[in-house]
C-alpha cells in the first residue's frame, strides 16, 4: 500500500514543531520525505523530554517515516547535493526566518531556476513581508497578536497558556499542508510550481472564525466570559465534588432538557434558552451546585447513556483508553529498527483504501546519508571524502 500522496517527494529543511508536523502528515499519507539536517546544529526537539530508550518521544513521533540526510548547508558541496536532489524532490518545506535560505543559495528563485515545477513552502511566524518579518516569536506570541488571546481565559484572571500549540499546528502545519496540496493540484493544471508564504500569525488570525467575523461586520469586540462559547453562558466546564471536571455543551433545547432531567432539575431547562447574561449566570451557578454534589465517577455514569453533550475532561492516558478512541484506532505501533516498536499517535485521517503502515520512528541525524547519496550516484569513496570534509555526517 503506497498511500494517496505516494507521488510526492519532499525536501524538509524544518525543525521543532510546525514544519515537522506538516511533513509528518505528508509522510503518513505516503509522501517520501527527506529531512535535511545540520550535522552541527541539533534540532532542539531531539532533546525534548520525556525520552524513550534515549530518544525524545516527541521527535520519534513527529519525524517518523522520514529519512535524514545530515548536510552542512554552508559548504558549496552541500549546495551541489541539493541541486541533484531537486531532479526528484520537487517540493521544499522550510521554516527559517526570511532571507536565510537566500543567503545559503537555496531561496525560491534560485531553486526554481533549476526546477520550474518546484513547490516551495515557507512557514514562519509573521510571513515573508511586513515590519515583523524578521522578529522572533513563539506560539503564545502569535495567538496574542492575532487577537485570539483577548477573549480566551477568564475575565478575572486573563488569558491562559494553552497546553497545545494552536498557532504552530492549526496555523502553520495544517495551513501549510492545505496550501501545499493546492499548489500540487495547480501544478497538475499548469506544469508550474510556486512559492507558498505561510505566516502562523496570519493563519491564527483566520481562526477568529466567529469573533473576527462579528467584529469586522458589526464592530462587536468579544471579551472574556462574554460570548456564548467562551464562558459567557452555561457552555463551560464544571467541577465534580472530588475535583475532576466535565464539559457541558448542551446548547440546543433538546440537549438542555436531557441535561436538566438527568440532574433532576428539569425546571432549569427554560433558562438555557435565555440570551440574558444574568439568566445565563444564574443557570451556571445552579449547574455548578448540582455538579459539585456528585463525584466524577457518578457524573460519568449518569451521563454515559444520556445524549446531552456532556463529556468528562480526560487525561491523555484516559483518552487513550477510551472505547471511542480505541475503536477509531488512534494509537499505532511504530518499528524502532531493533525489532521492537513504540506506541505513537496514528494518522487521524481515514481513507477507504487505507494508508501504508508506519515504517520507523524518527531517525538519527544523518541516519540515511549514505543511502541517499548512493541513490544519487555518489561512490563510497566520494561519500567518504565528503564526510572527511564535514560536508555530510
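The values are calculated or read from the model by the stated rules, or taken from the named source; none is laboratory data. Since the model is a prediction, treat every value here as computed from it, not as a measurement. In this analysis, Cβ positions are derived from the backbone assuming ideal geometry, glycine residues included, and neighbour counts consider all displayed protein chains.
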ask   = Can you list the helices (runs of 4 or more DSSP H) found entirely within the stretch 1-113 that contain at least 3 residues being under 30 Å from residue 132 (Cα atoms) and modelled with pLDDT of 95 or more?
value = 18-28, 57-62, 100-103
key: Unique match (being under 17 Å from residue 247 (Cβ atoms), in contact with a strand residue (DSSP E or B) (Cβ under 8 Å, 6 or more places away or on another chain) and assigned by TED's automatic domain parsing to the domain that holds residue 240) among 283, 299, 263   = 299
inquiry  = Looking at the stretch 309-320, can you tell me whether even one residue there is under 30 Å from residue 1 (Cα atoms) and either without any contact (Cβ under 8 Å) to a residue 40 or more places away in the chain or surrounded by 14 or more Cβ atoms within 10 Å (Cβ to Cβ) (or both)?
reply    = yes
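Would you point out which residue out of 250, 240 is under 18 Å from residue 277 (Cα atoms), in contact (Cβ under 8 Å) with a residue 24 or more places away in the chain, touching a strand residue (DSSP E or B) at 6+ places or on another chain (Cβ under 8 Å) and not assigned by TED's automatic domain parsing to the domain that holds residue 159?
The conditions single out 250.
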key: Test result for residue 175, in contact (Cβ under 8 Å) with a residue 12 or more places away in the chain, part of a helix (DSSP H, G or I) and closer than 20 Å to residue 108 by Cβ   = yes
remark   = Flagged in the stretch 302-314 as touching a helix residue (DSSP H, G or I) at 6+ places or on another chain (Cβ under 6 Å) and under 11 Å from residue 245 (Cβ atoms), in numbering order, are 312
query = If you go through the stretch 156-172, how many residues are part of a loop (DSSP other than H, G, I, E, B), closer than 23 Å to residue 62 by Cα and touching a helix residue (DSSP H, G or I) at 6+ places or on another chain (Cβ under 8 Å)?
reply = 3
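Identify the residue in the stretch 210-244 that is in a strand (DSSP E or B) and surrounded by fewer than 16 Cβ atoms within 10 Å (Cβ to Cβ) and, among all such residues, is nearest to the chain's Cα centre (by Cα).
237
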inquiry  = Given the options 192, 271, name the one that is outside any helix (DSSP H, G or I), surrounded by 13 or more Cβ atoms within 10 Å (Cβ to Cβ), over 22 Å from the mean Cα position of the chain (by Cα) and at negative phi.
reply    = 192
Output for the stretch 91-105, where each listed residue is touching a helix residue (DSSP H, G or I) at 6+ places or on another chain (Cβ under 9 Å) and free of Cβ contacts under 8 Å to residues at least 40 places away in the same chain = 102, 104, 105
message = Among (1) surrounded by 16 or more Cβ atoms within 10 Å (Cβ to Cβ); (2) closer than 24 Å to residue 10 by Cβ, there is one condition residue 150 misses while meeting the rest; what is its number?
response = (2)
remark   = Filter the stretch 156-169 for residues that are surrounded by fewer than 19 Cβ atoms within 10 Å (Cβ to Cβ) and under 30 Å from residue 8 (Cβ atoms); the one that is modelled with the lowest pLDDT is 164
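Suppose we filter 99, 107 for residues that are assigned by TED's automatic domain parsing to the domain that holds residue 14, more than 23 Å from the chain's Cα centre (by Cα) and surrounded by fewer than 17 Cβ atoms within 10 Å (Cβ to Cβ); which single one remains? It would help to see each step written out before you state the result.
On the way: 107 fails: surrounded by fewer than 17 Cβ atoms within 10 Å (Cβ to Cβ).
On inspection, the qualifying residue turns out to be 99.
Would you tally the residues in the stretch 135-155 being more than 23 Å from the chain's Cα centre (by Cα) and either modelled with pLDDT of 95 or more or not in a loop (DSSP other than H, G, I, E, B) (or both)? Please lay out each step first, then the result.
Going through the stretch 135-155, the residues more than 23 Å from the chain's Cα centre (by Cα) turn out to be 154-155.
If we keep only those that are either modelled with pLDDT of 95 or more or not in a loop (DSSP other than H, G, I, E, B) (or both) as well, we get 154.
Count: 1.
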ask   = Looking at residue 3, is it on the phi > 0 side of the Ramachandran plot, under 22 Å from the mean Cα position of the chain (by Cα) and not assigned by TED's automatic domain parsing to the domain that holds residue 353?
value = yes
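Let's see how each residue does on (1) under 27 Å from residue 375 (Cβ atoms); (2) in contact with a helix residue (DSSP H, G or I) (Cβ under 6 Å, 6 or more places away or on another chain):
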residue	(1), (2)
81	yes, no
84	yes, no
111	yes, no
118	yes, yes
129	no, no
132	no, no
138	no, no
query = Taking strands (runs of 3 or more DSSP E) that fall entirely within the stretch 307-389, which contain at least 2 residues that are touching a strand residue (DSSP E or B) at 6+ places or on another chain (Cβ under 7 Å) and farther than 27 Å from residue 47 by Cβ?
reply = 310-312
key: Options 337, 329, 374; residue that is at pLDDT below 95 and either loosely packed, with under 15 Cβ neighbours inside 10 Å or over 21 Å from residue 240 (Cβ atoms) (or both)   = 337
ask   = Taking residue 263 and the conditions (1) within 35 Å of the chain's Cα centre (by Cα); (2) crowded, with 18+ Cβ neighbours inside 10 Å, which numbered condition does it fall short on, given that it satisfies the others?
value = (1)
